[in-house]
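The values are calculated or read from the model by the stated rules, or taken from the named source; none is laboratory data. Model, not experiment: these values are computed from the prediction. With ideal geometry, Cβ positions are generated from the backbone for all residues, glycine too; neighbour counts draw on all protein chains shown. Each accessible area value is taken on the protein alone, full model and side chains, heavy atoms only, with ligands, DNA and RNA left out. Shrake-Rupley method; radii C 1.70, N 1.55, O 1.52, S 1.80 Å.
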Amino acid sequence: RGGGGNFGVVTSFKYRLHGMPAFVGGMVLYPLSQGRDVLRFYRDYAQAAPDNLTVNAAFITTPDGHDVVALIAAWFGPRAEAESQLGPLRRFGAPVADLIGELSYAQLQAMIDPAAPAGLRRYWKSGYCPTIDDELIDILLDHVGRKTSPLSLVMMLHMHGAAARVAPDATAFGARAVQWDFDILPQWHAADEDSRHIAWGRSFWNDVSRFTSGVYSNHLDTDDGAPRVRAAYGGNYDRLITLKKRYDPDNFFNVNNNIPPTAERAIPRSPV
C-alpha cells in the first residue's frame, strides 16, 4: 500500500479488470519559444479539469531536433463531450502539431516510450509542486533552454481527482493533494559525459526545489538520502518506522528507498 518494499515481498497479485474502450487523447506540441504562455495556459486548464480529464506537460526534443513543449491529454468521459473538453487545448496558441485522436489505453501508456529507450544513462530529481507560479515557469524555461543533452526530459504530471480525495493517512502513500509531480530527467549515452549532465540536473533542482513539497518515493535517485525518503512519506513516516521495528527489526528489506527500523540512524543498503 505504498511502503516501497520495506516490509516484505509480494508473491502474488489478484487483479480486478475494468473495461477501457477507446477514448480521445494525445499530444499537442508547441515550440519552446511559446513556453511561457503555454505553461500559464496549462496551469489554469489543468486546475479546472474534471476527474475524467488528465493533462500533463513535458519538455522534449523531437527526433528532428526541435525543442518543444508537449501537452499530453486524455479524456475518459463520454465521447460526445471530448471536443468541448479538449477544444481549448487544441485551439490555444500556435501549435506545431496536434496529435489528438482516438486512442487505446495501451497506446496512451506507450506514447512517450520513444523518449526513454532502454540503455540510456539517467539521473533523476523530483518533487511535488502544489502550484505552478510565474517565477517557477521562468526558472524552468531558463534551465530547459540550457539543457546539456537533447535526450533529457522535464515533466509536470498533474495529480487530481479521486486519488487526491483519499485521506493522507489511509495508505502509506500520503501525497493526497491536487498538485504536480515535477520531474527533471537528464538522459544521455556516454559514460564520460556523466558529470556534465548530472551537474545540469542538480543545478536545475537547486533552483526549483524551494517550490516543491514532498516527493514520490519511486522517483528518488541514489544520492537523495534519508531526509528525502522521510519527505516521501510525510506524516506517515513515523508510523512506518513502528511497523518496521515490529516486522523487520533487522532491516532485511533494505535494497530500496529505505525506512530503517530506527529513526536515529540509517542502516546501509546491502550490496547488489
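Summary table below
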| item | result |
| --- | --- |
| Per residue accessible area of the chain, 1.4 Å probe, in Å² | 53 |
| Folded to 0 to 90 degrees: helix 82-91 orientation relative to the chain principal axis, Cα | 80 |
| Cα pair distances in region 66-200, grouped into 10 Å bins until the bin that holds the longest one, percent each | 9, 30, 37, 21, 3, 0 |
| Alpha carbon convex hull of region 44-146, volume per residue in cubic angstrom | 147 |
| Anisotropy class of region 149-272 from Cα gyration tensor, a/c 1.5 cut | oblate |
| Within region 146-208, chymotrypsin sites (Phe, Trp or Tyr not before Pro) in DSSP loop having at most 13 other beta-carbon neighbours inside 10 Å | none |
| Cross-link partners of residue 125 among aspartates and glutamates (Cα-Cα below 14 Å; sequence separation of 8 or more within a chain) | 181, 183, 207, 221, 223, 224 |
| Extension gain from residue 13 to residue 131, taking 0.36 nm per residue of separation minus the Cα-Cα distance | 38.9 nm |
| For q = 0.07, 0.11, 0.12 Å⁻¹, Debye-computed log10 I/I(0) when each Cα of the chain counts as one equal scatterer | -0.29, -0.71, -0.85 |
| C-alpha long axis of helix 194-208 to longest principal axis of the chain, angle in ° | 80 |
| Principal-axis tilt of helix 35-47 within the chain, Cα atoms, nearest 10 degrees | 70 |
| Trypsin sites (Lys or Arg not before Pro) within region 100-156: DSSP coil, no more than 15 neighbouring Cβ in 10 Å | 146 |
| Computed over region 149-209, Cα set: Rg, Dmax in Å | 15.9, 46 |
| Loop-resident sites, region 75-140, for chymotrypsin sites (Phe, Trp or Tyr not before Pro), counting at most 12 other Cβ within 10 Å (DSSP) | none |
| With every protein chain in place, the chain: carbon and sulfur % of accessible area (1.4 Å) | 54 |
